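To start, the structure itself, in structure tokens.
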Amino acid sequence: MRRNRWLLAAVALCALCLTSALCLTCGATLWVTTRTQTTGSGLGDLLFGGTGTLRLYSVEPQTLDPALVQYTDSAEYVVEIFSGLVALDSRLQVVPDLAERWEISEDGLQYTFYLREGARFHNGRQVVASDVKYSLERACDPRTGSAVASVYLDDIVGASEMLSGQASELRGVEVVDERTVRIKIDAPKAHFLPKLTYSTAFVVDRDSVDRGDWLRHPNGTGPFRLTAFSAEQIVLERNDLYYREQAKLQKVVFWLAGGSPMSMYENGELDVVQVWTGDVERVLDPSNPLHADLIVVPQLDISYLGFDVRQPPFEDRQVREAISLAIDREKLAEVVLNGLGLAAEGIVPPGVPDYSRQRPLLPFDPVRARALLQSSSYGGNEHLPAIVLRIAGEDGELPRDIEAVVAMLRDNLGIEVQVEQSEDVFGGQPSLFASGWSADYPDPHNFLDLLFHSDSALNRSGYANARVDALLEAARLETQTGQRMDLYRQAEELIIADMPWVPLWHSVDYVLRKPYIKGTVHAATIVPWLAGVYVER
């Protein structure tokens with residue numbers, strides 16, 4: 001999904017994508033709730049009977065409709081209020097959720113899910129198989145307007161017909177009985193189950209949806225209920241009917257306004273907070289009291305510059321490669337971001353299970369960059385058309401990271417880049433844009449196939465390479481992990497050679513957590529985590 005805590009953006013945007021968050025590098029608040037996961041301890045219940053309040057700082061979600069989620073700022077809430085057949089745990093493994101178990105047919109085409117007997121909506125109604133079918137069909141209904149259903153549910157037989165308005169139901173989803181639902185997919189695919197952990201496949205209550213304005217009081221199935229939503233705060237309270245282990249907290253308060261998160265943390269008004277560049281040095285100082293609260297976790301995400309390869313001057317691969325070679329990623333990560341970034345060596349972040357590359361794919365070589373630009377069809381920087389970089393945000397002071405990238409292109413290539421800010425980074429097909437992506441599920445498919453296959457709705461660069469498509473399609477069907485990863489490695493190398501993107505860095509989260517907050521393990525991507533947290537004072 002689109003990352004809403006862009007290093008490159010001054011303001012966040014949409015899930016697949018961005019709406020409104022502020023820049024990490026300039027120290028303003030962006031996406032400051034942490035991504036953590038339960039360790040399963042029951043001590044909080046023994047000490048407090050499941051009571052207690054966790055106080056966080058965050059941003060207002062763009063939507064709470066699971067079918068519409070594209071950005072991290074929405075997903076943070078949705079994974080706690082709603083749930084699906086399966087989920088990701090703290091080790092980023094697919095585990096049972098609404099479904100207590102599932103069976104996969106020998107040919108890999110049919111998944112039979114058996115719902116938990118105790119699975120209920122917040123209002124007490126039991127979840128049945130028809131709820132699953134309705135929710136998947138609603139996500140694929142063109143009237144719902146989901147920008148992500150075609151990406152996350154496209155493997156289901158009949159999804160393309162529904163999405164195009166040619167069918168009124170998903171023929172690949174069968175209600176076997178009240179507690180059993182069978183899903184048929186178009187080919188055996190290792191990534192199908194992980195894709196179902198994305199919110200597009202979450203279950204919603206039809207009666208609630210039909211009443212209208214249902215997202216102010218959503219009747220979900222998750223461990224928490226939404227009880228307050230204003231411009232100042234969002235409040236979640238424990239769902240006492242939750243079918244898995246009940247939350248140890250009674251309440252979670254997300255402050256959406258009110259001051260500096262770091263100051264609020266130091267004043268005892270927040271329990272967990274994300275650290276931005278201006279505060280990194282002092283939290284890393286062992287003599288500083290804040291140092292004992294620090295947790296550092298690399299994230300499964302990527303910040304990048306994207307080209308529209310159909311527009312000048314970026315239809316010329318040599319121009320694109322020259323820009324990539326002119327950017328010093330190590331300097332950006334270590335100096336500009338003050339250690340809150342890890343220089344990218346490719347597209348897929350380090351830490352994705354089973355994936356590794358043989359060598360870094362993104363060198364810094366300003367001499368070769370100038371030579372490439374000179375030998376391009378434009379014959380050097382003096383013949384280039386005006387270059388405009390679109391970033392997220394409203395008109396204002398540029399983030400330091402953007403200033404650094406612009407300065408590197410000016411100093412190393414003699415290119416003057418104009419920067420424009422917009423709430424819609426992709427609106428009007430910009431030729432050059434800054435964005436980012438955070439893993440929905442820990443698999444190379446989530447980065448390479450979703451973002452670079454020529455038929456993907458998330459391919460914002462207009463990039464098409466028949467050989468890359470063939471490798472990605474082969475990886476979809478490959479069942480042997482080693483061979484599958486090799487196909488992705490080949491695809492990544494070809495994509496980097498074509499350079500539709502300039503990968504920049506992967507985030508490293510610096511998080512402060514009060515010592516009385518227990519039961520959490522910081523995770524590398526968004527997972528449900530609040531149910532395992534408790535307060536020990």
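The table below gives the values:
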{"read-out": "Subset of segment 208-222 [surrounded by fewer than 21 Cβ atoms within 10 Å (Cβ to Cβ) and in contact with a Lys or Arg (Cβ under 8 Å, 6 or more places away or on another chain)]", "value": "V209"}
{"read-out": "Test result for L290, out of contact with any Asp or Glu (no Cβ under 7 Å at 6 or more places or on another chain), outside any loop (DSSP other than H, G, I, E, B) and in the same structural domain as N465 (by TED's automatic domain parsing)", "value": "no"}
{"read-out": "Residue check, G393 touching a helix residue (DSSP H, G or I) at 6+ places or on another chain (Cβ under 9 Å), in the same structural domain as V502 (by TED's automatic domain parsing) and at positive phi", "value": "no"}
{"read-out": "Residue identified as farther than 30 Å from P142 by Cα and either free of Cβ contacts under 8 Å to residues at least 12 places away in the same chain or under 24 Å from the mean Cα position of the chain (by Cα) (or both) among D240, D213", "value": "D240"}
{"read-out": "Residues that are loosely packed, with under 13 Cβ neighbours inside 10 Å and within 11 Å of P313 (Cα to Cα), drawn from segment 380-404", "value": "H383, P385, A386"}
{"read-out": "From E345, E315, residue being surrounded by fewer than 20 Cβ atoms within 10 Å (Cβ to Cβ) and closer than 21 Å to R489 by Cα", "value": "E345"}
{"read-out": "Unique residue being buried (at least 20 other Cβ atoms within 10 Å of the Cβ), closer than 30 Å to G532 by Cβ and at pLDDT 95 or above when the list is D301, D240", "value": "D301"}
{"read-out": "Any hit, segment 102-111, residues being among the small types (G, A, S) and within 20 Å of L530 (Cα to Cα)", "value": "no"}
{"read-out": "Segment 358-372, residues that are without any contact (Cβ under 8 Å) to a residue 40 or more places away in the chain and buried (at least 16 other Cβ atoms within 10 Å of the Cβ)", "value": "F364"}
{"read-out": "Strands (runs of 3 or more DSSP E) wholly inside segment 418-537 that include at least 2 residues being touching a residue at least 40 places away in the same chain (Cβ under 8 Å), over 22 Å from the mean Cα position of the chain (by Cα) and surrounded by fewer than 18 Cβ atoms within 10 Å (Cβ to Cβ)", "value": "none"}
{"read-out": "Residue within segment 317-324 that is in contact with a Phe, Trp or Tyr (Cβ under 6 Å, 6 or more places away or on another chain), over 23 Å from P444 (Cα atoms) and either outside any helix (DSSP H, G or I) or modelled with pLDDT under 95 (or both) present", "value": "no"}
{"read-out": "All positions within segment 235-280 that are under 17 Å from D293 (Cα atoms), in a strand (DSSP E or B) and aliphatic (A, V, I, L, M)", "value": "V272, V273"}
{"read-out": "Residue check, G306 touching an Asp or Glu at 6+ places or on another chain (Cβ under 8 Å) and either under 24 Å from S507 (Cβ atoms) or surrounded by fewer than 21 Cβ atoms within 10 Å (Cβ to Cβ) (or both)", "value": "no"}
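Per-residue answers, yes or no, for (1) of a type outside the set (S, T, N, Q); (2) modelled with pLDDT under 95:
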residue	(1), (2)
E420	yes, no
G428	yes, yes
P444	yes, no
L450	yes, no
S461	no, no
N465	no, no
A470	yes, no
T479	no, yes
L487	yes, no
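Yes/no matrix, rows are residues, columns are (1) at pLDDT below 95; (2) within 30 Å of P444 (Cβ to Cβ):
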{"position": "I183", "(1), (2)": "no, yes"}
{"position": "S199", "(1), (2)": "no, yes"}
{"position": "G212", "(1), (2)": "yes, no"}
{"position": "L226", "(1), (2)": "no, no"}
{"position": "L236", "(1), (2)": "no, no"}
{"position": "G258", "(1), (2)": "yes, no"}
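The values are calculated or read from the model by the stated rules, or taken from the named source; none is laboratory data. All values derive from a computational prediction rather than experimental measurement. Heads up, the Cβs are rebuilt from the backbone with ideal geometry, glycines too, and the neighbour counts pull from every protein chain shown.
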